[in-house]
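Encoded as structure tokens, the structure appears first; notes follow it.
The values are calculated or read from the model by the stated rules, or taken from the named source; none is laboratory data. Quantities reported herein were computed from a predicted structural model and do not represent experimental measurements. All Cβ positions, glycine included, derive from the backbone under ideal geometry; neighbour counts span all protein chains shown. Note: areas computed on protein heavy atoms with side chains; ligands, DNA, RNA excluded. Shrake-Rupley method; radii C 1.70, N 1.55, O 1.52, S 1.80 Å.
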Amino acid sequence: MMNAPLNTGKTLGFDAHNQPVAVPPMPDYNGRVLAYTATAGFLAVGLHEAVFASWLYWLLAASLVWPHVAFVLTRRTPLGRSHRIRNKMLLLDCVFGGGLIGALNLIAIPSAAVVLMLSFSCLIVGGIRQWLYGMVLMIGAMIVSAAIHGPPASFQAPLLTSMASIFATGLYICVTAFYAHQQARNLMTAKTQIQNQREQSIALSHKLSKYLSPQVWQSIFTGERDVRLETQRKKLAIFFSDIKGFTELSEEMEPEALTELLNHYFNEMSEVALKYGGTIDKFVGDSIMVFFGDPTSRGQREDAFACVSMAIEMRKHMKIMRQKWRSQGIKTPLEIRMGISTGYTTVGNFGAENRMDYTIIGKEVNLASRLESLANPGEILVSYETFSLIKDKIMCRDKGEITVKGFGRPVPIYEVVDFRRDIGPNRSFLEHEHSGFAMYLDSDKITEKERESILAALEDAADRLRHEEL
């Protein structure tokens, strides 16, 4: 019988170091030797019982030689480099098998044994398509061979020949099925290992994301940005802030308490920055640097507006944080001062191939830092470029001009007052602060349930003040 081995390619396994390695299936050579030896076995029995014509002895010898010839053809010659050589050799085996069936005069059980082994091999190696091609070639070769050798005297074979054919077919199917089971088991093990490694990689990537701005992390892991030393010129809105009075506070507090306060401050401000889509560049001491416009941008005007909106919310949120710190015994009033500029900067990966920092450089960065250092506590200073982009939505006050290194002319600066919609009697928030009293009210963010409890608290506070006045 001319048949093919079970060989569906290589599956994945893992070595002692938990690294993926190829787990080979049943080799071509071994599978073909098994198939042709099984065929030679029942041919020998049939020839011994004179079921088959004596001239088929040469076919018995050919069955034992052909696997070695096929090995030489597919491994030691240019034919071995042919695409999908395994499938092509199997089709050739189907032609040989069809010729053998015709030469056996279509005797039922030996012929069925050949068909079963060929069908099993085709289905495992190439699926339904390979099986269809193989069966067409086999039937064609069988018809030609049967026409040459003439009709059979009988389709029946003696018991011993039939049993030998069944045994040979069963042996081949069992051995190939065993290899298929081994491959399936290795595949399931590899799948489990790959899933575990994937989960570990996801967990590790989330840990590493803590060291990068979410926008940068997202662009790297989605493939939008390559991790290499490259920069580009882009127009960005740059924000700087620091805490006024932090140096004095650091002399009063223990390092552990100061670290906890600073981390709480950074966490709260980072959430505000991410809410508005800012790319957090770095934390330096008590300073925060954020920019808008890279790696994602909504346009120059929207980027500038988002940056200033973030600064206004940070200023408001600082009032809430001051109340909390005061309740924890921190009496030093902490205020933030902020500076914002808009202009072209160089943004990208700076550093070395093995250690990069995603940041920005340029005179606009220096201007934003200078504005932050000039701002009074609670004040937001912006450059003229920023002012021109936000003036229709945000009220600003002219603060004159300053001289900045790198700029040929004095730079006009402006103080951010508030959103235009929040100025006047219909504003949504109120704030009031004295020693022993602090209030920040944003009615747009209060739910109906919270409204009742706030009114009750205000009434209690008013009653107490009136009682103490009496």
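Out of R315, R337, report the one residue that is in a helix (DSSP H, G or I), open to solvent by 20 Å² or more (accessible area, probe 1.4 Å) and within 29 Å of L261 (Cβ to Cβ).
Numbers: R337 fails: in a helix (DSSP H, G or I).
None of the others qualify; the one that does is R315.
Looking at T279, T296, just one residue is surrounded by 21 or more Cβ atoms within 10 Å (Cβ to Cβ), touching a residue at least 60 places away in the same chain (Cβ under 8 Å) and β-branched (V, I, T), and that residue is T279. Whenever a residue of the stretch 182-196 is more than 16 Å from I124 (Cα to Cα), its partners that are hydroxyl-bearing (S, T, Y), lying with C-beta atoms within less than 6 angstrom and at least six residues away or across chains, give the pairs N186/T11. Of note, V115 satisfies the criterion of being more than 41 Å from the chain's Cα centre (by Cα), over 21 Å from H48 (Cβ atoms), crowded, with 16+ Cβ neighbours inside 10 Å and free of Cβ contacts under 8 Å to residues at least 40 places away in the same chain. On inspection, A311 fails the criterion of being closer than 24 Å to L371 by Cβ and touching a helix residue (DSSP H, G or I) at 6+ places or on another chain (Cβ under 6 Å).
In the stretch 138-150, the condition of being at pLDDT 85 or above and hydroxyl-bearing (S, T, Y) is met by at least one residue. Please indicate, with yes or no, whether at least one residue in the stretch 246-258 is within 18 Å of H317 (Cα to Cα) and surrounded by 18 or more Cβ atoms within 10 Å (Cβ to Cβ). Yes, because at least one residue in the stretch 246-258 is within 18 Å of H317 (Cα to Cα) and surrounded by 18 or more Cβ atoms within 10 Å (Cβ to Cβ).
So which of G348, G329 is over 30 Å from D398 (Cβ atoms), of a type outside the set (F, W, Y) and surrounded by 18 or more Cβ atoms within 10 Å (Cβ to Cβ)? Let's see the steps before the verdict.
Values: G329 fails: surrounded by 18 or more Cβ atoms within 10 Å (Cβ to Cβ).
Every option except G348 fails the conditions.
For beta carbons closer than 7 Å, sequence separation of 6+ or different chains, a first residue in the stretch 206-222 that is hydroxyl-bearing (S, T, Y) and a second that is modelled with pLDDT of 75 or more and in a loop (DSSP other than H, G, I, E, B), the qualifying pairs are S219/P295. A164 meets each of the listed conditions (1) small (G, A, S); (2) within 30 Å of L43 (Cβ to Cβ); (3) surrounded by fewer than 16 Cβ atoms within 10 Å (Cβ to Cβ) apart from (3).
Among the residues of the stretch 31-68, write down those that are open to solvent by 30 Å² or more (accessible area, probe 1.4 Å) and within 23 Å of Y179 (Cβ to Cβ).
Step one: filter the stretch 31-68 for residues open to solvent by 30 Å² or more (accessible area, probe 1.4 Å), giving 33-34, 37, 41, 44-45, 48-51, 53-55, 57-58, 60-62, 64-66, 68.
Once the filter is applied, which keeps residues that are open to solvent by 30 Å² or more (accessible area, probe 1.4 Å) and within 23 Å of Y179 (Cβ to Cβ), the stretch 31-68 yields V33, L34, T37, G41, L64, W66, H68.
Looking only at residues of the stretch 149-161 that are assigned to a helix (DSSP H, G or I) and surrounded by 14 or more Cβ atoms within 10 Å (Cβ to Cβ), we find that the one that is nearest to the chain's Cα centre (by Cα) is T161. Exactly one residue out of E199, E256, E271, E248 is at pLDDT 90 or above and either assigned to a loop (DSSP other than H, G, I, E, B) or out of contact with any strand residue (DSSP E or B) (no Cβ under 7 Å at 6 or more places or on another chain) (or both): that is E271. Residues that are outside any helix (DSSP H, G or I) and open to solvent by less than 50 Å² (accessible area, probe 1.4 Å) do not occur anywhere in the stretch 130-148.
Out of curiosity, is T189 surrounded by 14 or more Cβ atoms within 10 Å (Cβ to Cβ), modelled with pLDDT of 85 or more, closer than 23 Å to I107 by Cβ and out of contact with any Asp or Glu (no Cβ under 8 Å at 6 or more places or on another chain)?
Values: surrounded by 14 or more Cβ atoms within 10 Å (Cβ to Cβ): yes; modelled with pLDDT of 85 or more: yes; closer than 23 Å to I107 by Cβ: no; out of contact with any Asp or Glu (no Cβ under 8 Å at 6 or more places or on another chain): yes.
So T189 does not fit the description; no.
Of all residues in the stretch 375-397, those being touching a strand residue (DSSP E or B) at 6+ places or on another chain (Cβ under 6 Å) and surrounded by fewer than 18 Cβ atoms within 10 Å (Cβ to Cβ) number 5. R298 passes every criterion in (1) assigned to a loop (DSSP other than H, G, I, E, B); (2) in contact with an Asp or Glu (Cβ under 6 Å, 6 or more places away or on another chain) apart from (2).
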